[in-house]
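Asks: Have a look at this one before I ask anything.
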Amino acid sequence: MTELRQRMAREPDAPTEDKELEAEAKADGETASDSESRVEAVTLPTSVDDTPEVLNRALSNLSSRWKNWWVRGILTLAMIAFFFIIIYLGPMVLMMIVMCVQIKCFHEIITIGYNVYHSYDLPWFRTLSWYFLLCVNYFFYGETVTDYFFTLVQREEPLRILSKYHRFISFTLYLTGFCMFVLSLVKKHYRLQFYMFGWTHVTLLIVVTQSHLVIHNLFEGMIWFIVPISCVICNDIMAYMFGFFFGRTPLIKLSPKKTWEGFIGGCFATVVFGLLLSYVMSGYRCFVCPVEYNNDTNSFTVDCEPSDLFRLQEYNIPGVIQSVIGWKTVRMYPFQIHSIALSTFASLIGPFGGFFASGFKRAFKIKDFANTIPGHGGIMDRFDCQYLMATFVNVYIASFIRGPNPSKLVQQFLTLRPDQQLHIFNMLKSHLTDKGMLTAATEDE
């Protein structure tokens with residue numbers, strides 16, 4: 001309102017509709033012009049040089065271009081080392097790290113909204129944003145616990161009750177937040193409050209849903225978690241390297257530093273890297289076996305008999321390629337063929353997650369989501385492509401890999417009433433007898 005009055009005072013000859021806007025502002029709160037002027041007046045936090053002083057001193061004699069190259073390179077190696085450490089610590093630690101990354105990404109995106117829309121004036125909105133994050137996580141993680149820790153849930157009475165009414169509880173929690181939002185509406189803030197309500201929900205969709213899919217991929221086997229993430233990391237590094245040394249042709253206006261040379265070089269390097277990494281990891285049960293909960297030891301186990309997907313097979317090489325390399329056959333894991341699809345997506349489509357993030361940042365005139373990692377920006381700057389990759393991997397597994405799960409079927413069977421279990425048993429017995437399988441098994445005994 002104050003800004004609108006000042007503008008009217010500065011422009012005495014303004015059109016009549018400006019006076020109408022002022023009248024509407026008095027009657028209804030903010031107008032579109034008022035909202036836009038407030039957004040344009042926002043000064044977002046500028047990026048600062050948060051490079052460690054040790055690196056600043058060591059690289060002081062280099063040009064800014066090479067200094068940035070060394071800073072990014074050193075901290076990239078540090079992040080890769082940290083990635084190896086958390087993989088070594090096991091799936092439980094990985095899940096906790098995913099949760100921490102999710103919370104930090106949510107914080108970075110929602111903070112931009114606060115700064116842009118002056119949300120510190122909005123009643124309850126910081127509290128409600130985090131409350132909705134809690135509600136959505138309760139729903140998704142509750143579903144995961146029910147699916148993968150079924151026996152443990154059924155063994156503990158409180159968990160069994162929570163599992164049975166999980167969706168109703170989740171809906172009640174969300175409905176409470178929704179009612180709190182409606183009650184918090186203030187006349188002069190209607191528009192901004194609904195902006196932020198939508199902002200929060202889109203952020204939840206992008207961040208929380210994708211991190212939930214990351215955890216589902218992890219339970220399918222750590223190889224489905226490590227290979228896709230590593231392919232995105234490899235593409236990011238190699239595209240930067242090729243672009244740094246050979247880049248000449250701009251790729252997209254949203255990211256002026258991205259080049260066709262970096263894009264193409266990163267693509268080929270990522271496919272080769274995916275094949276090699278898949279070959280190495282497919283030979284270890286700890287990577288290829290699904291992550292399951294062992295009720296006897298109350299811990300996660302990753303021991304199983306590897307499926308055909310992770311057993312070496314011999315493939316005939318097409319005649320055209322035979323004349324070039326001189327080989328007629330090649331022995332490789334079937335998973336390596338799938339890794340080509342994963343690495344191709346990581347290098348061709350994955351970067352569009354980064355372009356999307358670049359467009360988002362340009363829209364609000366910021367360089368990075370935050371200054372968490374020197375030379376790299378915020379956590380969201382590093383994971384913008386990972387979330388898109390997580391969705392693809394989950395859809396890929398559901399479409400081409402995953403089949404019926406006997407253990408889950410048995411778990412559901414055990415929750416039925418005794419008469420229902422007996423009915424299913426008789427139906428199954430009759431079915432197997434008609435097929436001759438039950439008789440054959442009896443004779444073999």
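Asks: Go through the residues of segment 157-175 one by one and say whether even a single one is modelled with pLDDT of 90 or more, touching a Leu at 6+ places or on another chain (Cβ under 9 Å) and under 23 Å from K408 (Cβ atoms).
Replies: Yes: segment 157-175 contains one or more residues that are modelled with pLDDT of 90 or more, touching a Leu at 6+ places or on another chain (Cβ under 9 Å) and under 23 Å from K408 (Cβ atoms).
Asks: Still on this structure: Quick check, is Y174 closer than 27 Å to N217 by Cα, in a helix (DSSP H, G or I) and in contact with a Cys (Cβ under 9 Å, 6 or more places away or on another chain)?
Replies: On the way: closer than 27 Å to N217 by Cα: yes; in a helix (DSSP H, G or I): yes; in contact with a Cys (Cβ under 9 Å, 6 or more places away or on another chain): yes.
Judged against the criteria, Y174 is a match.
Asks: Out of segment 252-271, which residues are outside any helix (DSSP H, G or I), in contact with a Ser or Thr (Cβ under 6 Å, 6 or more places away or on another chain) and in contact (Cβ under 8 Å) with a residue 40 or more places away in the chain?
Replies: At the first step, the residues of segment 252-271 found to be outside any helix (DSSP H, G or I) are 252-259.
Then drop every residue that is not in contact with a Ser or Thr (Cβ under 6 Å, 6 or more places away or on another chain), which leaves 254-255, 259.
Correct list: L254, S255.
Asks: I'm told C289 meets every condition in (1) open to solvent by less than 50 Å² (accessible area, probe 1.4 Å); (2) touching a Gly at 6+ places or on another chain (Cβ under 9 Å); (3) free of Cβ contacts under 8 Å to residues at least 40 places away in the same chain except one. Can you identify the failing condition by its number?
Replies: Among (1) open to solvent by less than 50 Å² (accessible area, probe 1.4 Å); (2) touching a Gly at 6+ places or on another chain (Cβ under 9 Å); (3) free of Cβ contacts under 8 Å to residues at least 40 places away in the same chain, the lone unmet condition for C289 is (3).
Asks: In the set S211, S282, which member is among the polar types (S, T, N, Q) and farther than 30 Å from I112 by Cα? Steps first, answer last, please.
Replies: Working: S211 fails: farther than 30 Å from I112 by Cα.
So the residue among S211, S282 that is among the polar types (S, T, N, Q) and farther than 30 Å from I112 by Cα is S282.
Asks: Assess whether W260 counts as being under 30 Å from F356 (Cβ atoms), open to solvent by 60 Å² or more (accessible area, probe 1.4 Å) and of a type in the set (F, W, Y). Step through it out loud before you land on a result.
Replies: On the way: under 30 Å from F356 (Cβ atoms): yes; open to solvent by 60 Å² or more (accessible area, probe 1.4 Å): yes; of a type in the set (F, W, Y): yes.
Yes: the conditions hold for W260.
Asks: Within segment 179-196, work out how many residues are hydrophobic (A, V, I, L, M, F, W, C), touching a residue at least 60 places away in the same chain (Cβ under 8 Å) and in a helix (DSSP H, G or I).
Replies: First, the residues of segment 179-196 that are hydrophobic (A, V, I, L, M, F, W, C): 179-183, 185-186, 192, 194, 196.
Of the ones still in play, those that are also touching a residue at least 60 places away in the same chain (Cβ under 8 Å) are 186, 192, 196.
Imposing the further condition that a residue be in a helix (DSSP H, G or I) reduces the set to 192, 196.
Result for segment 179-196: 2.
Asks: Of the residues in segment 292-311, how many are out of contact with any Ser or Thr (no Cβ under 6 Å at 6 or more places or on another chain), more than 22 Å from T344 (Cα to Cα) and either aliphatic (A, V, I, L, M) or open to solvent by less than 70 Å² (accessible area, probe 1.4 Å) (or both)?
Replies: Here is the first cut: in segment 292-311, the residues out of contact with any Ser or Thr (no Cβ under 6 Å at 6 or more places or on another chain) are 293, 296-309, 311.
Now restrict to residues that are more than 22 Å from T344 (Cα to Cα): 293, 296-308, 311.
Going one step further and asking which of them are either aliphatic (A, V, I, L, M) or open to solvent by less than 70 Å² (accessible area, probe 1.4 Å) (or both), we end up with 293, 299-302, 304, 306-307.
So the count comes out to 8.
Asks: Right, something else. Which members of segment 111-136 meet the condition of being more than 21 Å from T372 (Cβ to Cβ) and either in contact with a strand residue (DSSP E or B) (Cβ under 9 Å, 6 or more places away or on another chain) or at pLDDT 80 or above (or both)?
Replies: W124, F125, T127, L128, Y131, F132, L134, C135, V136, listed by residue number.
Asks: Another question about this same structure. Given the options M95, M79, name the one that is under 30 Å from V145 (Cβ atoms), modelled with pLDDT of 50 or more and surrounded by fewer than 17 Cβ atoms within 10 Å (Cβ to Cβ).
Replies: On the way: M95 fails: surrounded by fewer than 17 Cβ atoms within 10 Å (Cβ to Cβ).
Of M95, M79, the one residue that is under 30 Å from V145 (Cβ atoms), modelled with pLDDT of 50 or more and surrounded by fewer than 17 Cβ atoms within 10 Å (Cβ to Cβ) is M79.
Asks: Let me ask something additional. Select from segment 363-408 the residues that are within 22 Å of P351 (Cβ to Cβ) and of a type in the set (F, W, Y) and list them in ascending order.
Replies: Listed by number, the residues that qualify are F364, F369, F383, Y387, F392, Y396.
Residue-wise test of (1) more than 30 Å from D381 (Cβ to Cβ); (2) free of Cβ contacts under 8 Å to residues at least 24 places away in the same chain.
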| site | (1), (2) |
| --- | --- |
| S129 | no, no |
| T146 | yes, yes |
| P158 | yes, yes |
| Y165 | yes, yes |
| G177 | no, no |
| L205 | no, yes |
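Asks: Just to be sure I understand, how many residues within segment 87-130 are closer than 24 Å to K367 by Cβ and not in a helix (DSSP H, G or I)?
Replies: Counting residues in segment 87-130 that are closer than 24 Å to K367 by Cβ and not in a helix (DSSP H, G or I) gives 2.
Asks: Which one of L432, L428 is open to solvent by 60 Å² or more (accessible area, probe 1.4 Å), in a helix (DSSP H, G or I) and either free of Cβ contacts under 8 Å to residues at least 60 places away in the same chain or out of contact with any helix residue (DSSP H, G or I) (no Cβ under 6 Å at 6 or more places or on another chain) (or both)? Working first, answer last.
Replies: Working: L432 fails: open to solvent by 60 Å² or more (accessible area, probe 1.4 Å).
Step by step, each of L432, L428 is checked, and only L428 is open to solvent by 60 Å² or more (accessible area, probe 1.4 Å), in a helix (DSSP H, G or I) and either free of Cβ contacts under 8 Å to residues at least 60 places away in the same chain or out of contact with any helix residue (DSSP H, G or I) (no Cβ under 6 Å at 6 or more places or on another chain) (or both).
Asks: Tally up the residues in segment 353-390 that are closer than 29 Å to G274 by Cα, in a helix (DSSP H, G or I) and small (G, A, S), please.
Replies: Counting residues in segment 353-390 that are closer than 29 Å to G274 by Cα, in a helix (DSSP H, G or I) and small (G, A, S) gives 6.
One line per residue, one yes/no per condition, for (1) touching a Leu at 6+ places or on another chain (Cβ under 8 Å); (2) open to solvent by 40 Å² or more (accessible area, probe 1.4 Å); (3) without any contact (Cβ under 8 Å) to a residue 12 or more places away in the chain; (4) polar (S, T, N, Q):
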{"site": "V208", "(1), (2), (3), (4)": "yes, no, no, no"}
{"site": "N217", "(1), (2), (3), (4)": "no, no, no, yes"}
{"site": "E220", "(1), (2), (3), (4)": "no, yes, no, no"}
{"site": "S230", "(1), (2), (3), (4)": "yes, no, no, yes"}
{"site": "I237", "(1), (2), (3), (4)": "no, yes, no, no"}
{"site": "Y240", "(1), (2), (3), (4)": "no, yes, no, no"}
{"site": "G243", "(1), (2), (3), (4)": "no, no, no, no"}
{"site": "G247", "(1), (2), (3), (4)": "no, no, no, no"}
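Asks: Now a separate question. Out of (1) more than 23 Å from I109 (Cα to Cα); (2) surrounded by fewer than 15 Cβ atoms within 10 Å (Cβ to Cβ), what's the single condition that is false for V202?
Replies: (1)
Asks: I want to confirm something. Restricting to segment 143-178 and keeping residues that are of a type in the set (D, E) and surrounded by 14 or more Cβ atoms within 10 Å (Cβ to Cβ), which single residue is nearest to W124 (Cα to Cα)? I'd like the intermediate steps shown before the answer.
Replies: Keep residues of segment 143-178 that are of a type in the set (D, E), which gives 143, 147, 156-157.
Remaining after also requiring surrounded by 14 or more Cβ atoms within 10 Å (Cβ to Cβ): 143, 147.
On the way: E143: 28, D147: 35 Å.
My answer is E143.
Asks: Further question on the same structure: If you check F392 against the conditions, is it of a type in the set (F, W, Y), over 29 Å from N68 (Cβ atoms) and touching a helix residue (DSSP H, G or I) at 6+ places or on another chain (Cβ under 9 Å)? Let's see the steps before the verdict.
Replies: Details: of a type in the set (F, W, Y): yes; over 29 Å from N68 (Cβ atoms): yes; touching a helix residue (DSSP H, G or I) at 6+ places or on another chain (Cβ under 9 Å): yes.
Here the answer is yes, as F392 does meet what is asked.
Asks: So in segment 272-285, with the set limited to residues that are exposed (fewer than 15 other Cβ atoms within 10 Å of the Cβ) and part of a helix (DSSP H, G or I), which one is modelled with the lowest pLDDT? I'd like the intermediate steps shown before the answer.
Replies: Taking segment 272-285 as the starting set, the residues that turn out to be exposed (fewer than 15 other Cβ atoms within 10 Å of the Cβ) are 272, 276, 280, 283-285.
Restricting the remaining residues to those that are part of a helix (DSSP H, G or I) gives 272, 276, 280, 285.
Values: V272: 96, L276: 96, V280: 95, R285: 90.
Per the criteria, the residue is R285.
Asks: Quick check on my filter: what residues within segment 289-321 are in contact with a helix residue (DSSP H, G or I) (Cβ under 7 Å, 6 or more places away or on another chain), closer than 30 Å to E156 by Cα and not aromatic (F, W, Y)?
Replies: Residues of segment 289-321 that are in contact with a helix residue (DSSP H, G or I) (Cβ under 7 Å, 6 or more places away or on another chain), as a first pass: 290-291, 293, 295, 300, 302-304, 306, 308-310, 313.
With the extra rule that they be closer than 30 Å to E156 by Cα, the set shrinks to 290-291, 293, 295, 300, 302-304.
Matches in segment 289-321: P290, V291, N295, V302, D303, C304.
The values are calculated or read from the model by the stated rules, or taken from the named source; none is laboratory data. Everything quoted here is computed from the prediction, not taken from an experiment. Here the Cβ is made from the backbone with ideal geometry for all residues, glycine too, and neighbour counts use every protein chain on show. For the accessible areas, the whole protein counts, side chains as well, though only heavy atoms, and no ligand, DNA or RNA atoms are used. Shrake-Rupley method; radii C 1.70, N 1.55, O 1.52, S 1.80 Å.
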